[in-house]
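Q: Sharing a structure below in structure tokens format, with a few things to ask.
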Amino acid sequence: PSPSPGCPTEWDGLSCWPALPLGQSRGVACPEILSVFKPKGLIQRNCTESGWSPPSPPYHSACQLETLGSSNDTEAKARHFVTMKVLYTCGYSTSLAALLLAIGIFCCFRKLHCTRNSIHIHFFTSFILRGTAVFIKDRVLFSDESIDHCTMSTVTCKAAIAFFQYSVLANFYWLLVEGLYLQTLLLLTFTCDRSYTWGYILMGWGVPMVTVGVWVLTRLRYDNHGCWDDYSSVYWWVIKAPILLAIFVNFLIFLNVTRMLAQKIRCPDLSRTHKQQYMRLTKSTLLLIPLFGVHYVVFALFPEHVGVDARLYFELVLGSYQGFLVALLYCFLNGEVQAEIRRNWGTWQRSMESNVFNLATQDFTA
């Protein structure tokens, strides 16, 4: 049969225009990357006998890019995207370097080998995976400007999105493990059974693996189109619901730990040393739980198209420095780590001085 008259699906380099029958029109909002600094406008195109009509109003006008001419729509997109990409690339690169250094410190010093720091290492690793997943996703989805994002549906791009979702889930669940471990320490008075460690590992890595597996099977069965990077799909809740659950449980832990800490600090029988130990142990996690969860809960209560500007800044720019903040709180500002580094530095200096003295003595007696 002859094809029905109308306009086919088209990618114009900025937006995807779904197929439309002849004589009808369709409007789309300004691309998110063009509306980061400006209010979002609406562009309309008509399906005529000669094909799609030009965008009306033009992108530069609808998206309020006054500084650029109408012939520079692609340049406008590139400039805004490059600005955002440079910001979060610097953030993730800084975080990756800090996290790798922190893991090296925890692994190199034997005195720092304990259950608490082992959980920190897993938490750091989840941030490393998240940063790596962002770079992989950018490489697969945005490395080639000629890619038609309307029809792109390759195994590679789907795998990149699935890996990204797994790393995000693992990130939130290892934050939950940090909260659970802190609560366990306070309940058991700093005596924690090592048998809990495997349970923490199964929660931190296993739950995200099962969740992403269910999401992948669901998308393959019921919604296998595009690159699975559309957050408007109802199946996105397979990922969002476990994240919201982890944040909600962490918030309850935050309240409970705060209550227990206040009780223990007011206890007259508690020594000053124990009070300082409680404070040192809890301050990092109590800071991280609300920092990581509040904005996500706020955005989750609204549709995905609401608060796009703020969402982009939090998730891409500010969120990219979270790994650096974690390494700073749990490692670089950790008094125990600093003391161990100073002790080993002093030992190394004394060893070097001793070697120099022995060499000098040998030369003198030779």
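Taken together, the values in this text are just the output of simple stated rules run on the coordinates, not laboratory data. This one's a predicted model, so the numbers in the text were calculated from it and none came from an experiment. All Cβ positions, glycine included, derive from the backbone under ideal geometry; neighbour counts span all protein chains shown.
Q: Which order do the peptides 172-185, 196-209 take when ranked by the mean count of other beta-carbon atoms within 10 Å per residue, highest first?
A: Per-residue Cβ counts within 10 Å, averaged per peptide and sorted highest first, yield 172-185, 196-209.
Q: How would you order 328-340, 90-102 from highest to lowest mean count of nearby Cβ atoms within 10 Å?
A: Averaged packing, sorted descending, gives the order 90-102, 328-340.
Q: Would you kindly derive the ³J(HN,Hα) couplings of segment 83-96 from the backbone phi angles with the Karplus curve 6.51 cos²θ - 1.76 cosθ + 1.60 (θ = phi - 60°), listing them in order in whole Hz, with x for Gly and Pro?
A: Values per residue, Gly and Pro as x: 4, 5, 5, 4, 4, 7, 5, 4, x, 5, 5, 4, 5, 4 Hz.
Q: Turning to a different aspect of this structure: What residues have an amide H closer than 5 Å to that of Leu20, excluding those fewer than 5 places away on the same chain, when H is modeled at 1.01 Å from N in the peptide plane?
A: Cys7
Q: A further question on this structure: On a full-extension model of 0.36 nm per residue, what is the gain between Thr197 and Ser53, subtracting their alpha-carbon distance, rounded to one decimal in nm?
A: Value of the extension gain: 45.7 nm.
Q: Sticking with this one: Could you run the Karplus curve 6.51 cos²θ - 1.76 cosθ + 1.60 with θ = phi - 60° over segment 122-128 and give me ³J(HN,Hα) per residue in whole Hz, x for Gly and Pro?
A: With the stated coefficients, segment 122-128 comes to 4, 4, 4, 4, 5, 5, 4 Hz.
Q: Which order do the peptides 113-122, 48-57 take when ranked by the mean count of other beta-carbon atoms within 10 Å per residue, highest first?
A: Top to bottom by mean Cβ count within 10 Å: 113-122, 48-57.
Q: Which residues' amide hydrogens lie under 5 Å from the amide hydrogen of Ser233, considering only partners 5 or more residues apart or on another chain, with H built in the peptide plane?
A: Amide H neighbours of Ser233, under 5 Å, 5+ apart: none.
Q: Let me ask something additional. From the phi angles alone, apply the Karplus equation (6.51, -1.76, 1.60; θ = phi - 60°) to segment 327-342 and give each ³J(HN,Hα) in whole Hz, x where the residue is Gly or Pro.
A: 4, 5, 6, 8, 10, 5, 9, 6, x, 5, 5, 4, 5, 5, 5, 5
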